[in-house]
Amino acid sequence: MTEDGTFDIRVIVPDSVPLGEYVLQINGLSPRNSMRSVNMALTVEPSVRTGSVTKAAFFKGRAAQMSVNGQRKLRTMISELPKVRQDVRVEITAVSVSLDDLESDLRLAARRGRELRDYLSERGVQGTYSVTIRTEDQLRSAERTPPLMMSSKGKPLTTVRITYATSR
């Protein structure tokens, strides 16, 4: 504690402390060696943890139609989300690199992004959606944010990442 009565303290409340209202008492010595005490109200509330689920590759080759395996991946993602969640962010990176020209790749990637957004939204995944469209030309020169997942053959994959916060 300083002469003007200020102090700096950090308190870590263990998870074993039950939720509720408490009084936190801090005792210390002043610069003149006299006892000083401060009492403060303390509320222990449920902690919030964050989580995320990421999957990649949802479409049949050269198409905006989801594969059976792609739909299964999306259902799995949805089932892994906690029932009570907040601050949900859905990041979709839609990729197409196999068509004949850049414009066709851009259109296909955009359709894939919309398909994923609509599929998740229609199944109750509410939150902030961000859709990034990627093509081969962009992959060579653009900064890779969000990061891309690659197939075993080195081909970039369409990716969905859902992040959320939930109580403990």
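Computed quantities for the displayed model
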{"item": "Estimated FRET transfer efficiency (Glu45, Leu99; beta-carbon r; R0 35 Å; 0.05)", "result": "0.10"}
{"item": "Shape parameters for region 1-78, alpha-carbon atoms, Rg then Dmax in Å", "result": "26.5, 78"}
{"item": "1.4 Å probe accessible area per residue over the chain, in Å²", "result": "65 Å²"}
{"item": "Calculated over region 53-104: convex hull of Cα atoms, volume per residue (Å³)", "result": "86 Å³"}
{"item": "Label of the coordinate-derived value, log10 I(q)/I(0) by the Debye sum over Cα atoms at q = 0.10, 0.15 Å⁻¹, listed as (1) -0.34, -0.79; (2) -0.79, -0.96; (3) -0.56, -0.84", "result": "(3)"}
{"item": "The chain, accessible surface, carbon-and-sulfur percent (1.4 angstrom probe)", "result": "48 percent"}
{"item": "R0 of 22 Å, Cβ-Cβ distance Arg75-Ser167: FRET efficiency to nearest 0.05", "result": "0.35"}
{"item": "For the chain: lysine pairs under 19 Å (alpha-carbon distance), excluding those fewer than 8 apart on one chain", "result": "8"}
{"item": "Gaussian network model of the chain, springs between alpha carbon atoms under 10 Å - residue of Pro14, Pro82, Pro156 with greatest fluctuation", "result": "Pro14"}
{"item": "Crossing angle, helix 68-80 versus the chain [Cα axis fit, 0-90 degrees, rounded to tens]", "result": "10 degrees"}
{"item": "Computed FRET value (nearest 0.05) for Ser52 with Gln25, which takes r as the C-beta separation and R₀ as 45 Å", "result": "0.70"}
{"item": "Pair Val84, Asn33: separation of 7 Å Cα→Cβ label points (nm)", "result": "5.3 nm"}
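The values are calculated or read from the model by the stated rules, or taken from the named source; none is laboratory data. Quick caveat, the model's predicted, so the values are computed rather than measured. A quick note on method: Cβ atoms are made from the backbone with ideal geometry, for glycine too, and the neighbour counts reach across all protein chains shown. Accessible surface is based on the protein model in full, side chains and every heavy atom, while ligands, DNA and RNA are left aside. Shrake-Rupley method; radii C 1.70, N 1.55, O 1.52, S 1.80 Å.
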